[in-house]
Each structure stands twice: as C-alpha cells, then as structure tokens.
Amino acid sequence: MKKFYIQTYGCQMNQNDSQRIARLLGRIDYMPTESIESADLILLNTCSVRDRAEQKVYSALGAWKQFKEHRDGVIIGVGGCVAQQEGETLLKRMPHLDLVFGTQNIHKLPEMIEEAQARNARPMETAFYRDPSYLEDAEGPARVQGGKAFVTIMQGCNKVCSFCIVPHVRGREISRPSWRIIGEVESLAHQGVKEVMLLGQNVNSYGKTMPGEINFAELLGRVDQVDGIRRIRFTTSHPQDLSPELIEAFATLDKLCEHLHLPVQSGSDSVLARMRRGYTRDEYLRRIEGLRERCPEISLSTDIIVGFPGETEREFGETLELLTRLEYSEIFSFTYSPRPQTVSAKLYNDDISEQVKKDRLTAVQSLQRGISLRKNRERIGELESILVDGRSRLKNGQVMGRTRGNRIVNALGAEGLLGTFQTVRITGATANSLIGEILF
Ligand code: SAM
C-alpha cells in the first residue's frame, strides 16, 4: 500500500477537508503516515485568511523538493485557499510540484493523482461549482475520533466583509441539501459518534441560497432528533444572521451545547463600518442580550482584529470596553493583514505600524486573560459533564475533554475513557483550561 503525508494549515474547515482527503485517499489504497520521508504522496492543505500565507506555502514547498530528489515517484500536491488563489503561478514557480487542487475540487483528487502518476501532466483544478453535489463524498470509515465528527453543511460566504479573503477563495455560499446532512449525521451516530460539529464559513445563513430548503434553526432541530447524537455544536456564525429562531434553538434544543462563537471583530461603529460587517455595536450587544436572556448559561467566544486601517486609540478603546462588558469566555485575536483581492486592501493604506498592532494585540490578550481566568475560577467546585476526546497536552496520565460550554478540562484518567462522557468536579483553573477530577 502507498503512503500519504498531509500537512494542514488553518481552521477547522481545513482540518475537516484534510480528513475528507484522507478518506478519499483510503479508497485508492493510500494509508496515512506521520513520516514525510517515507511518503509516496505529500500534500499541503493551505489557508490564506491571514498573515503571509503565500510565503509560508512557497517556503514549505521549497523545502520539500529534497524528498523528490531522494526517492523516485514521490508526488507533491497543494490544495486549499492558497492553491485556489495562486493556481497556475504555483506550478510555474515550483517545477517539482505535481498537482494543484482548489477549495471545491477535493473530490477530483483521486483522478488527479492518477494523472500525475502517469507523469504525462501536472493537473490543476480550481473551478467553483453552483451545485453542492461536489461535497457529497463524505461517507467512509475512520471518522470517529473521540466520539466527535465534523459535518460540512455549507461552503463559501456571501458576506462582503472588507478584510476577508474567504469569498474569493472559498466561493459563494452553497448549502448541502438537509436530507443529505441528516443522512450523514444518522450514519455517524451508527458509527458511534456522539457529538457533531456542523461546519461552514457562515453556518447560520444555511439554506438561504437554496429555494425551498429549511433554515439553520430548523436544521438544528432535525439534527437534535437523531438518536445516538448527544451534543451539537457549530461554527462559524455571522452576527447578522443570529436570528430570533436561532436564539430560541439555544433555549429549547436539549442537544445544542451552550456555546456560541460569534465574531464581533471590533467594538467601534466606525471600524465596523469600514470593515463592512453589516451591524453596529449596539445591534450586536442587543442580540447577545436577547440570547443571554433566553439561555443564561450560554458561553460566548469571538474573533477580534486589531490595527484595522485607520483604527484610532479611541476606536481601539471601544473594543477593549466591549470585551470588558461582554465577558467572553474565550477570544481569538489577530493583527490586521491586507489580503489579496479584498476591498480593504484596495481602499485603505495599511497605516497602523506593526509595533502599534502588536501592542494592541497584547492589550487585548492580557485583558481577556484576566476575564477568562476569573470566569474559569468561578467554575471551581462545580460538576461538569465532559466528552473525553484526547490525551491532555499537559501531563502524562491525563485526558482532556470539553464541557457543554466548550471549556477544556484536563483530568487524571486512562486512554480507555476516550469517546465516553464523564462527570468531573472542577478543582482548579487557568486562563485557558480547567482542571477536574473524574467522579467514577
Ligand atoms: N465567518 C467569520 C466572520 O464572521 O467574520 C470569518 C472567519 S475567518 C476564517 C476567521 C477570523 O480570521 C475572522 O473572524 C477574523 O477575525 C480573522 N481575519 C480574517 N481576515 C483577516 C485579515 N485580513 N486580517 C486579520 N485577521 C483576519
């Protein structure tokens, strides 16, 4: 059997794509290896949302040239957002690269590998599709990891946020038919999956572009009815689409975990307008208020961009003020980086110095660390249910799992607990995680 090695950059969407690639490769008799030196097929699944993604990809590919020199017949391929964005340029600049597949062309990979193996071509596929059937090869073994599985429900994004490259590299919004999604969740439940994470660039606008399709809240209701599934999560959402129906779903659906990741990006109206986010600070606050009223135990996380073009100290201060006011349990914060093809890169100078961006990032992160630590300490003494999904990164002999509110808990326990629900008493806390004691 041939072996493949895959390196993945970026978000959960990309991790899920890599799992899908692995399943497809399994069907053409490739098995995974952790050792790049022994791989017959080396793939890079890329992300271009932030930073100098392109340089990172070119330098990884440059370093991989040696593997082709040392062993005959090795195939090297690039997929994901950078592949979509760079296309032909990648093949021109990297003569040892064999194939390039875009974000909507994973299903084509088996035939592209065959073509590359025959050495008569260097295939490239970067087309976008209007029909969601290109997403329909998700079935396959080896999907159960710690009792959890990703389920893609939609791809692409129709929002016009000025900083964001996603619509350019992932395409326009396209939703999978709900009957297919439910079929997949049922099949996962049969395989032993207990928690599903519904995935998409903007899941809460699910179904909007598909006439006659149910909406996201209704989809959650259907997934909630699947026997065997005990927890439902989803990511990522846009604040514009946090509908009253979705708020109601948090209040009424038993299996929907009490956690929402709702990227706010900035606490300043003027910055939000330049970002073209489509909501004001007040509208965002009112939606969160409505959600907390209906589901008081909800835990919230968000994304923040600091150093957006023209961001003044006052505007930045409004972001700090919003963080203090909303007390998220967790945030993901980034310094602004102009991305190719985006409106903000075309319209505005990237005029905030790297030093100021770094200082603002530090300020945001240290404010949040204090908030997270305090909120985590409040959990000490409480009982929580966790789904054990891996070994702890901290110490041998410990396992980790997440609470319904998405807090990580590390606890002493054997690997045999993987994929089981356990009740833990919280005994300690850091800003990033909780320490617990499993009650047997
Ligand atoms: N759908 C999400 C939303 O509501 O905006 C976007 C998800 S994006 C893949 C993940 C995060 O990366 C964004 O929420 C944003 O905070 C950050 N990000 C995106 N573009 C960026 C850029 N040009 N510079 C810095 N951070 C960026």
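What pairs can you find where one residue is in the stretch 232-246 and in contact (Cβ under 8 Å) with a residue 40 or more places away in the chain, the other is assigned to a loop (DSSP other than H, G, I, E, B) and more than 9 Å from the ligand (Cβ to nearest atom), and their Cβ atoms are less than 7 Å apart, with a gap of 6+ or different chains?
Arg233/Cys257; Pro239/Tyr279; Gln240/Gly278; Gln240/Tyr279
Has the stretch 260-280 got at least one residue that is without any contact (Cβ under 8 Å) to a residue 40 or more places away in the chain, in contact with a helix residue (DSSP H, G or I) (Cβ under 7 Å, 6 or more places away or on another chain) and closer than 23 Å to Gln15 by Cα?
no
Would it be correct to say that Phe250 is assigned to a strand (DSSP E or B), crowded, with 19+ Cβ neighbours inside 10 Å and not aliphatic (A, V, I, L, M)?
It is false that Phe250 is assigned to a strand (DSSP E or B), crowded, with 19+ Cβ neighbours inside 10 Å and not aliphatic (A, V, I, L, M).
Being more than 7 Å from the ligand (Cβ to nearest atom), touching a residue at least 12 places away in the same chain (Cβ under 8 Å) and under 23 Å from Tyr279 (Cα atoms) is the filter here; which residues of the stretch 160-169 pass it?
Answer for the stretch 160-169, where residues must be more than 7 Å from the ligand (Cβ to nearest atom), touching a residue at least 12 places away in the same chain (Cβ under 8 Å) and under 23 Å from Tyr279 (Cα atoms): Val160, Ser162, His168.
Can you work out which of the residues in the stretch 226-247 that are of a type in the set (A, V, I, L, M, F, W, C) and under 12 Å from Asn204 (Cα atoms) is farthest from the ligand (Cβ to nearest atom)?
For the stretch 226-247, the residue satisfying everything is Ile247.
Here are some residues: Asp227, Asp269. Which one is closer than 30 Å to Asp359 by Cα and either of a type in the set (Lys, Arg) or modelled with pLDDT of 95 or more (or both)?
Selected residue: Asp269, the only one of Asp227, Asp269 that is closer than 30 Å to Asp359 by Cα and either of a type in the set (Lys, Arg) or modelled with pLDDT of 95 or more (or both).
Given the criterion within 23 Å of Asn14 (Cβ to Cβ), in contact with a strand residue (DSSP E or B) (Cβ under 6 Å, 6 or more places away or on another chain) and either within 15 Å of the ligand (Cβ to nearest atom) or modelled with pLDDT of 95 or more (or both), identify the matching residue among Leu219, Leu198, Leu188.
Leu198
Which numbered condition in (1) of a type in the set (Gly, Ala, Ser); (2) under 23 Å from Gln155 (Cα atoms); (3) assigned to a helix (DSSP H, G or I) is the only one that Gly278 fails?
Of everything listed in (1) of a type in the set (Gly, Ala, Ser); (2) under 23 Å from Gln155 (Cα atoms); (3) assigned to a helix (DSSP H, G or I), Gly278 misses just condition (3).
Please indicate, with yes or no, whether at least one residue in the stretch 92-103 is crowded, with 16+ Cβ neighbours inside 10 Å, touching a helix residue (DSSP H, G or I) at 6+ places or on another chain (Cβ under 9 Å) and within 28 Å of Ile305 (Cβ to Cβ).
yes
The values are calculated or read from the model by the stated rules, or taken from the named source; none is laboratory data. Because the structure is a prediction, the values reported are computed rather than measured. Ideal geometry is used to build each Cβ from the backbone, glycine not excepted, and the neighbour counts take in all protein chains shown.
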